[in-house]
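Data block below; observations after.
The values are calculated or read from the model by the stated rules, or taken from the named source; none is laboratory data. These numbers come from a predicted model, not from an experiment. A quick note on method: Cβ atoms are made from the backbone with ideal geometry, for glycine too, and the neighbour counts reach across all protein chains shown.
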Amino acid sequence: MKRIAFHNREKETKEIMDILDDEPSLITFVYGPINSGKTTTISHLIKELPEDYAPFYVNLRGRFVTDYEDFLNVLFEIDEEEGGGNVAEYAKSALKDLGTVSGIPIPINLFERIFEKKDKSKDMFRYIERFFAEISKTRTPILIIDELQVIGDLKIDGLLIYKLFNFFIRLTKETHLAQVFVVTSDSLFLENVYSEAMLDGRCRYLLVDDFDHETTSAFLDKYGFTDDDIAMAWESCGGKPVCLVELVNTKLGSGDITEKTDKMLEEEISRLVFLLARNKETKSDIIDMLTIFASVEEVKYSDSMEIDLLSFLVKQNILFLDSARRTIKPQSRLNLLAIREVIADA
Ligand SMILES: Nc1ncnc2c1ncn2[C@@H]1O[C@H](COP(=O)(O)OP(=O)(O)O)[C@@H](O)[C@H]1O
Ligand SMILES: [Mg+2]
């Protein structure tokens, strides 16, 4: 099968490069609806970064993290060679051969030492800080944690996430040692972050949304879509990259793209119908809330909205809540169309 090339994220890439140009001072939260291309954009950028940067990318997606042991195992990339115990020396040698690391390199003996400690977080943070301090003499370290909400509720001596946020603040605002990016699709997690006093004035938010119309047209045009095809794709999939990629693959495989979009819409409708069937007591409230989207694609959050119900629909990945802008919209164009069909039938 033909591989689909990375498509234009100029605006977002420029925003990130502008951040990287400055001395580290704030934590950057990269957010957006599911499958909008956050991970793809960041991964692509990492590959294209100039030599002055040293990126460390950790993805918690699909990782089962229930304790420190799990967390340390995803955060670090263990180097089976003993490091001799000197972090600065080790960092210097690690720099020579960084390649594509997933996680922060650590020699096995130091890793085991952290493991033995009672207060693991203190030693873990101390190691990372020393490691970054050495790296930062020649390059700017960038720590990127994707899907951080996975450990949002993890309690070890209090919530781990607070310790991490404190550490991220130390790396950015206090010591200016490293750039820190936190990527998440979970808008409820981000809403918590947004109202968290400890992060106030210490972070910024960067939205990676679905492609806009122009970007979508240019993307489909590369794969021989006619103007009519593009209009049809935009009408049903909007600019959701994952959905557009499916259409392109269908077209490349000589399939029928209208049939494909019909099928995708049908699946979204089923998801919503079953969600309503499983929640009989709140069904009419859910429908009331979704009816807002009968004529508009996006609404401003208002405090007259039933917050529990809204949270529920966000958690079910039906709605996307943008706390930075206080807006709410369906997670995708397909979602919007499914909502409209279902409320019309209700
Ligand atoms: N800029 C892009 N160019 C081409 N395909 C993309 C692009 N962004 C996303 N995609 C496609 O969409 C899929 C979902 O994107 P992903 O980055 O995993 O979304 P997110 O991290 O926001 O949930 C990717 O696997 C890829 O196939
Ligand atoms: Mg992702």
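Table for the structure above
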{"item": "Meets criteria (of a type in the set (Gly, Ala, Ser) and more than 22 Å from the chain's Cα centre (by Cα)) for Ser323", "result": "no"}
{"item": "Meets criteria (among the polar types (S, T, N, Q), surrounded by 16 or more Cβ atoms within 10 Å (Cβ to Cβ) and more than 20 Å from Thr216 (Cβ to Cβ)) for Ser295", "result": "no"}
{"item": "Selected residue (only one of Phe115, Phe125 is part of a helix (DSSP H, G or I), touching a Phe, Trp or Tyr at 6+ places or on another chain (Cβ under 7 Å) and surrounded by fewer than 21 Cβ atoms within 10 Å (Cβ to Cβ))", "result": "Phe125"}
{"item": "Filter result for Arg170 (farther than 25 Å from Phe29 by Cβ, surrounded by 14 or more Cβ atoms within 10 Å (Cβ to Cβ) and more than 16 Å from ligand 1 (Cβ to nearest atom))", "result": "no"}
{"item": "Positions within the range 1-22 being within 14 Å of ligand 1 (Cβ to nearest atom), surrounded by 12 or more Cβ atoms within 10 Å (Cβ to Cβ) and not basic (Lys, Arg), in sequence order", "result": "Ile4, Phe6, His7, Asn8, Glu12, Thr13, Ile16"}
{"item": "Qualifying residue in the range 29-37 (condition: modelled with pLDDT of 95 or more, in contact with an Asp or Glu (Cβ under 6 Å, 6 or more places away or on another chain) and closer than 16 Å to Pro241 by Cβ)", "result": "yes"}
{"item": "Helices (runs of 4 or more DSSP H) wholly inside the range 184-255 that include at least 3 residues being within 22 Å of the chain's Cα centre (by Cα) and in the same structural domain as Ile19 (by TED's automatic domain parsing)", "result": "187-194"}
{"item": "Residues (aliphatic (A, V, I, L, M) and either within 16 Å of ligand 2 (Cβ to nearest atom) or surrounded by 19 or more Cβ atoms within 10 Å (Cβ to Cβ) (or both)) located in the range 27-59", "result": "Ile27, Val30, Ile34, Ile42, Leu45, Ile46, Ala54, Val58"}
{"item": "Residues satisfying the stated conditions in the range 282-318, i.e. farther than 17 Å from Glu191 by Cα, of a type in the set (S, T, N, Q) and part of a helix (DSSP H, G or I)", "result": "Thr282, Ser284, Thr291"}
{"item": "Of all residues making up the range 173-183, the number that are part of a strand (DSSP E or B) and either within 16 Å of ligand 1 (Cβ to nearest atom) or of a type in the set (D, E, K, R) (or both)", "result": "3"}
{"item": "Scan of the range 161-186 for residues that are among the aliphatic types (A, V, I, L, M) and modelled with pLDDT of 95 or more, ordered by number", "result": "Ile169, Leu171, Leu177, Ala178, Val180, Val182, Val183"}
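Here's the yes/no breakdown for (1) closer than 21 Å to Lys240 by Cα; (2) in contact with a strand residue (DSSP E or B) (Cβ under 6 Å, 6 or more places away or on another chain); (3) surrounded by fewer than 21 Cβ atoms within 10 Å (Cβ to Cβ):
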{"residue": "Ser302", "(1), (2), (3)": "no, no, yes"}
{"residue": "Lys315", "(1), (2), (3)": "yes, no, yes"}
{"residue": "Leu334", "(1), (2), (3)": "yes, no, no"}
{"residue": "Asp345", "(1), (2), (3)": "no, no, yes"}
